[in-house]
Amino acid sequence: MSSSICRLRKMAAVTAGAALLMALAGCHTDMWHQPKLKAQSENSFFADGKTDRTPVMNTVAVGNLRQDEAFYTGKQNNQPVSKLPMPVTLELLKRGQQQYNVFCSPCHGKSGDGQGMIAQRGLALRRQPASYHTDRLRAMPVGHFYDVITNGFGVMYSYASRIAPEDRWAIAAYIRVLQQSQYTRVNELTPEDLRRLQEEEQSTQGMEK
């Protein structure tokens, strides 16, 4: 019984070894080093000498079909939109504050007065960064701020490659908050708003003592 088991084990080992050798024999190095053309390499087959082919006109990459004009451009019929194309939530404003502080406050300041650290270090000598608290910018549609973030304005370059569309709208919404915080009149506040302001002022005074 034991000798039969041994013979079976040897036969199985021989069979497995033979299968392995056959598999190795089928792996040629020319499968690893086969001729191919790499991206952006020269190619004499095409008239322009390029391997990369120019996409067909109006080709849209998967996931980049941007049909919502207002959302992706900040404009409708080539005019800045006056309303955000999304609900304004506390989460959106917090995200806008975080992104604003990262990308915008170095020039425009944390309060939006145009007195950020870069402005104080010399940019203002070339051109003063805009304050959001001017009559002109308070009257601007919210889509204007999205458009400026996307395409740049004056000495400000485009942030389209750095800030996603959703975050551009979040920043635009937060700019509106900054404008409101500096421009709202006391008689426009509700009793609850006044109570909160008084509590905040008392808390600040307590910290300063």
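Residues with amide H under 5 Å of GLN115's amide H, sequence separation 5 or more or different chain, H placed in the peptide plane at 1.01 Å from N; which?
So GLN115 has HN proximity to GLY109.
Give the long-range amide H neighbours of GLN76: residues separated by 5 or more places, or on another chain, with amide H under 5 Å away, using H modelled in the peptide plane at 1.01 Å from N.
When sequence neighbours closer than 5 places are left aside, the close amide H contacts are VAL81.
From the phi angles alone, apply the Karplus equation (6.51, -1.76, 1.60; θ = phi - 60°) to region 148-164 and give each ³J(HN,Hα) in whole Hz, x where the residue is Gly or Pro.
For region 148-164, the Karplus-derived couplings read 5, 4, 6, 10, x, 6, x, 7, 7, 8, 5, 10, 4, 7, 10, 10, 5 Hz, x marking Gly and Pro.
Under 5 Å between amide H atoms, partner at least 5 residues away or on a different chain: which partners does LYS50 have, H built in plane at 1.01 Å?
Amide H neighbours of LYS50: ASN43.
Residue-wise, which Karplus ³J(HN,Hα) couplings in Hz belong to region 65-79, taking 6.51 cos²θ - 1.76 cosθ + 1.60, θ = phi - 60°, and x for glycine or proline?
My calculation for region 65-79 gives 7, 9, 7, 7, 4, 4, 5, 8, 10, x, 10, 9, 6, 6, 10 Hz in order.
How do THR73, THR184, THR59 line up, fewest other C-beta atoms within 10 Å first?
Fewest-to-most ranking of THR73, THR184, THR59: THR59, THR184, THR73.
In nm, what is the difference between 0.36 nm times the number of residues separating GLN198 and THR134 and their Cα-Cα distance? Don't skip to the answer; put the middle values down first.
Values: separation 64, 0.36 × 64 = 23.04 nm, distance 2.66 nm.
This chain segment gains 20.4 nm when fully extended.
Under the Karplus relation 6.51 cos²θ - 1.76 cosθ + 1.60, θ = phi - 60°, what is the ordered set of whole-Hz ³J(HN,Hα) values for region 40-57, x standing for Gly and Pro?
The phi angles translate into 6, 8, 6, 8, 7, 5, 9, 4, 7, x, 10, 6, 5, 9, 5, x, 4, 3 Hz.
Mind pulling the per residue volume of the convex hull built on the Cα atoms of region 36-164? Å³ is fine.
Cα-based convex hull of region 36-164, divided per residue, equals 201 Å³.
Run the numbers on region 69-202 and let me know its relative contact order in percent, using alpha-carbon pairs under 8 Å that are six or more apart.
29 percent
Here, each number is a calculation from the coordinates, and none is a lab measurement. Because the structure is predicted, anything quoted here is derived from the model rather than measured. Neighbour counts run over all protein chains shown; Cβ positions are idealised from the backbone, glycine included.
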